[in-house]
Amino acid sequence: MAVVKTAHVMNTERLGSDTLLLDLWATEPLGFVGGQYLILDSRIVLPNGKAVKRAYSLLTSDAEQRRVQLAVKRIPDGLGSAFVHGLTAGTDISFSGPWGKFVPRAETSGRTLILATDTGITAALGFLRATRFAPLLPQAVLIWLRASAEYFLPEEFVKNQIPAACGEVRIAAIPEVGHQDRIPQARAILREVLSRGDLGQAFIAGDGAVNQVLFDDLVIAGVAVGKDQVESFFNMPKKSA
């Protein structure tokens, strides 16, 4: 059973038209590793008795275990994101975690690819800022693919979160979620990275439909990637029977 914890909302900041940056102070050290997430409890209970809880990746470096940040995109008719967007400084919230296995692995040879689509950039940024990943930063390749420059987080904000030692950063536009050309374009970008060789491991986060195809491509290419190195935020792949 998940242990209920609390945090104090220190500050909130609007980033663009539909994203809120939440600055939290946890009542006790979280013990998280970069790439993990918290599950916030909105304290809303649906008519069927189910509590509305939502997962959000930790943006901040795990060198700091109490003051952390989350970035939350407002989802139309989304009860969880509406709750977060209604929070103000001085509020206390309940959560559980940290959760997730999308964290840096033991050191390997070659480059590390961290490819994020859409809101998956939050998990990617937390991953990059993990203290255990610092030795591998010079050979890291971060790619963020989203539908437009206005989507979710401003490009300047994202770049400011990326450690200076990160070897390569690419931010590019691909068609919107569900577009027939979205997956082909993401695959083409991955092929270009693979064509340079020396890719030791890969981590992908965001659109589950894209993740599944890229995961298969990476496996075929012989890159070290396992199910724990894939974090799907939406379009979740169907579980095997």
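Can you list the strands (runs of 3 or more DSSP E) found entirely within region 1-86 that contain at least 3 residues being under 22 Å from residue 151 (Cα atoms) and at pLDDT 95 or above? Even if it seems obvious, please write down each step before you answer.
Values: elements: 5-15, 19-26, 37-45, 51-57, 67-73.
Correct list: 5-15, 19-26, 51-57, 67-73.
For region 98-134, enumerate the residues that are part of a strand (DSSP E or B) and open to solvent by 10 Å² or more (accessible area, probe 1.4 Å).
98, 99, 111
Test residue 176 against the criterion of being within 20 Å of residue 75 (Cα to Cα), surrounded by fewer than 22 Cβ atoms within 10 Å (Cβ to Cβ) and modelled with pLDDT of 95 or more, and give yes or no. Walk me through how you get there before you give the answer.
Values: within 20 Å of residue 75 (Cα to Cα): yes; surrounded by fewer than 22 Cβ atoms within 10 Å (Cβ to Cβ): yes; modelled with pLDDT of 95 or more: yes.
Spelling it out, residue 176 is indeed within 20 Å of residue 75 (Cα to Cα), surrounded by fewer than 22 Cβ atoms within 10 Å (Cβ to Cβ) and modelled with pLDDT of 95 or more.
Can you tell me which residue within region 188-234, out of those that are of a type in the set (S, T, N, Q) and assigned to a strand (DSSP E or B), is surrounded by the fewest Cβ atoms within 10 Å (Cβ to Cβ)? Outline the logic, then answer.
Pass one, region 188-234, residues of a type in the set (S, T, N, Q): 195, 201, 211-212, 229, 232.
Pick out the ones that are also assigned to a strand (DSSP E or B) and you get 201, 232.
Working: 201: 22, 232: 20.
This residue is 232.
Tell me whether region 63-76 contains one or more residues that are over 21 Å from the mean Cα position of the chain (by Cα) and of a type outside the set (A, V, I, L, M, F, W, C).
Taking every residue of region 63-76 in turn, none turns out to be over 21 Å from the mean Cα position of the chain (by Cα) and of a type outside the set (A, V, I, L, M, F, W, C).
If you go through region 22-41, how many residues are closer than 26 Å to residue 154 by Cα and open to solvent by 10 Å² or more (accessible area, probe 1.4 Å)?
Counting residues in region 22-41 that are closer than 26 Å to residue 154 by Cα and open to solvent by 10 Å² or more (accessible area, probe 1.4 Å) gives 6.
The values are calculated or read from the model by the stated rules, or taken from the named source; none is laboratory data. Because the structure is a prediction, the values reported are computed rather than measured. FYI the Cβ positions are ideal-geometry reconstructions off the backbone, even for glycines, and counts take in every protein chain you see. The area values use the complete protein model at the heavy-atom level, side chains included, leaving out ligands, DNA and RNA. Shrake-Rupley method; radii C 1.70, N 1.55, O 1.52, S 1.80 Å.
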